[in-house]
Amino acid sequence: MRQAILEFLSSDFTKIKNSNQMSELKRRLAKKYGDAMLLHSDLLPEIKKLLQNKNLTPKEKNNLEAAVLLLKKRAIRTLSGIAPVAVLTKPYPCPGNCAYCPNEKDVPASYLSNEPAVMRAIRCQYDPYRQIVLRLKALENNGHEPNKIEVIVIGGTWSYFPEKYKFWYILNCFKAANDYPHLKLPEDPNEDSRLKLADALIKKIKSPFSQNIKLTDLKKQLKLEQQKNTKAKYKIIGLTLETRPDYINDSELLEMRELGATRVEIGVQAVDDQILKLNKRGSGIQEIAAATKLLKDYGFKVTYHFMPALPGSTPQRDLEMFKELFSNPNYQPDQIKFYPTVVTKGSLLYRWYKAGKYQPYTDQELEDLIASCKAIVPPYVRIIRLIRDIPGESIVAGNLITNLRQVMQQKGVKCNCIRCREIKDKPMDVKKAKLLIIQYPASDGMEYFLSYNSPDEKDLYGFCRLRITANSPIAPAIIRELHVYGQLVPMGKTKKVQHSGLGKKLMKEAEKIAQKNKAKELAIISGVGVRGYYQKLGYKLKNTYMIKSL
């Protein structure tokens, strides 16, 4: 195998255009030397060693970096500039009793034990420290450099958990990110041993902080770990929590900020009280509108879960509701997750289906609906998901298409959402970047979506969300999000789209708009790991926000 590896490393990777051509090279070498197929875990450590050689010529370095990009598994994971890391909370009673939710024993409400994220969490005994460490290890084994992390906490209604558990959980997330570069973890020898390696790691790794610690001590330790994280190698630059609209209030949002949260996902499902009541949601459009307003006034990014094909709805009604999300200023979410309704055992919906009281949409109806939604989504909105990651064997009825996004692309469905326009790994010229500003009313305030784009406006380089409102308890002007897209680039590495200066330019433009609106202060809902960036721009930490006098 050594000979195959050496010949592989001598290849000209700049001439290899895609992962299929890379796979063909590996197959040819395996056949030539009579070896097994070269694995990513065989090759990536060798390439990283070579990249540490200070005597490499620029040409040699570019060639090896091209190999790393081609070897990355699911490179799309970090092409948005961050490494998303999803972790699950423990099974806990849910305050709701929604018709469509399964209720599997020893699994968080609305989740199934054979979902990939749930299976990983179960192996870790739902321990946050273990989950973070294993996900970072997996990302690195697949060629990613997860130095900028968005932790996404899923598993039910976050707001319903005991306060002590919440602080313990997030404390250990930050501790895991801070500790990771200092942990002595074995290299992944091959694909077949991946699960055995995970089990071996799980036995060695335990959360450093116990739930037996007093709440006051947990809070003190959290602040210490957050301070460490501002200068850590693996920074948590975003923290997402999911909850119900009827659990959003001032005290809850202040606590979320203390934890370091920057984005909140709420289960909206539909904006029709009759549909919500039929499905026993327990909240309505009044709670959705109130929660959205509070979240924005505190500076949070807002993600809606939208469920087409609920009992009581139709494809036409679903499309009408989707349009209302962006025509009614009471809503205007920043991001959307489509969760098409599926029938699973253990839910009330399953009993309705068996009794003939519910019929899911056909594949064609669902495809047509989502295509229509994608065609009208505003350019300031990001569609994160089109389906839930539920295994087909658990779906009794409903959507079974797992690659719905690809199906849409193959059919030529056009979408102007952020995800479809972000630059990813395409070449760009910062000097020709075009500034566009979209202004729209939302929740008794005015939103400004500032973005730098390619000259033809087809590709998005970066953007900033600025909110101007007299109702915010934080500041009259608040930046809810700043994001420069492109391949994740750790500090000090080769420049791509990130580190191009576009972030600073967007900040300056936002400050100008805030000044025109006579705001004396501008606040930023900064992730813990990027506070240092804003400090360099003159912002100071005040009550978990970065604030600057104008």
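Between the residues G529, S10, I437, the greatest Cα displacement towards the positive end of the dipole of the chain, with unit charges on the Cβ of Lys, Arg, Asp and Glu, is found for S10. Expressed to the nearest 5 percent, the antiparallel share of DSSP beta bridges inside the chain is 50 percent.
Under the classification rounded if a/c is under 1.5, otherwise prolate if a/b is larger than b/c and oblate if not, where does the chain fall, given a ≥ b ≥ c as square roots of the Cα gyration tensor eigenvalues? Rounded, since a/c falls under 1.5.
Under the shape rule built on the C-alpha gyration tensor, where the axes satisfy a ≥ b ≥ c, the stretch 430-549 is oblate, since a/c reaches at least 1.5 while a/b does not exceed b/c.
Exceedance of the 22 Å cut-off in Cα-Cα distance is limited, within the set K431/K504; K296/K374; K424/K536; K354/K374; K508/K540; K231/K431, to K296/K374; K424/K536; K354/K374; K231/K431. For the stretch 131-186, trypsin sites (Lys or Arg not before Pro) are listed when DSSP marks them as loop and at most 11 other Cβ atoms sit within 10 Å of their Cβ; the list is K184. Inter-part distance, the stretch 358-427 to the stretch 121-171, computed on C-alpha centroids, equals 26 Å. Is the stretch 331-454 best put as rounded, prolate or oblate by its Cα gyration tensor, with a ≥ b ≥ c the root eigenvalues, rounded for a/c under 1.5, and otherwise prolate when a/b is larger than b/c, oblate when not? Prolate is the answer for the stretch 331-454, as a/c is 1.5 or above and a/b outweighs b/c.
For the stretch 330-424, the set of trypsin sites (Lys or Arg not before Pro) satisfying both a DSSP loop assignment and a count of at most 11 other C-beta atoms within 10 Å is given as K357, K411, K414. When you count the other C-beta atoms within 10 angstrom of each residue and take the mean per peptide, 53-59, 257-263, 295-301, 97-103 line up highest first as 295-301, 257-263, 97-103, 53-59. Using C-alpha pairs under 8 Å with a sequence gap of at least 6, the mean separation divided by the residue count of the stretch 173-319 gives a relative contact order of 22 percent. When shorter helices are ignored and each DSSP H run of at least 4 residues is given -39500 (n - 2.57), the per-residue value for the chain at 222 nm works out to -11500 deg cm²/dmol.
Per-residue 3J(HN,Hα) values for the stretch 230-236, derived from phi via the Karplus relation 6.51 cos²θ - 1.76 cosθ + 1.60 with θ = phi - 60°, read 5, 10, 6, 5, 10, 8, 8 Hz in sequence order (x marks Gly and Pro). Rounded to whole numbers, the Karplus 3J(HN,Hα) couplings from phi for the stretch 147-157 are 6, 10, 10, 10, 7, 10, 8, 10, x, x, 8 Hz, using 6.51 cos²θ - 1.76 cosθ + 1.60 with θ = phi - 60°, and x at Gly and Pro. From least to most packed, judged by other beta carbons within 10 angstrom and beginning with the fewest, M408, M428, M256 follow the order M408, M428, M256.
Each Lys and Arg Cβ is given +1 and each Asp and Glu Cβ -1; about its Cα centre, the chain then shows a dipole of about 1760 debye. Taking other Cβ atoms within 10 Å as a rough exposure proxy, I370, I525, I16 sort from fewest to most as I16, I525, I370.
The numbers here are math on the coordinates, done by the rules we state, and not lab data. Just so you know, these numbers come straight off a predicted model, no measurement behind them. Backbone-built Cβ (ideal geometry, glycine too); neighbour counts: all protein chains shown.
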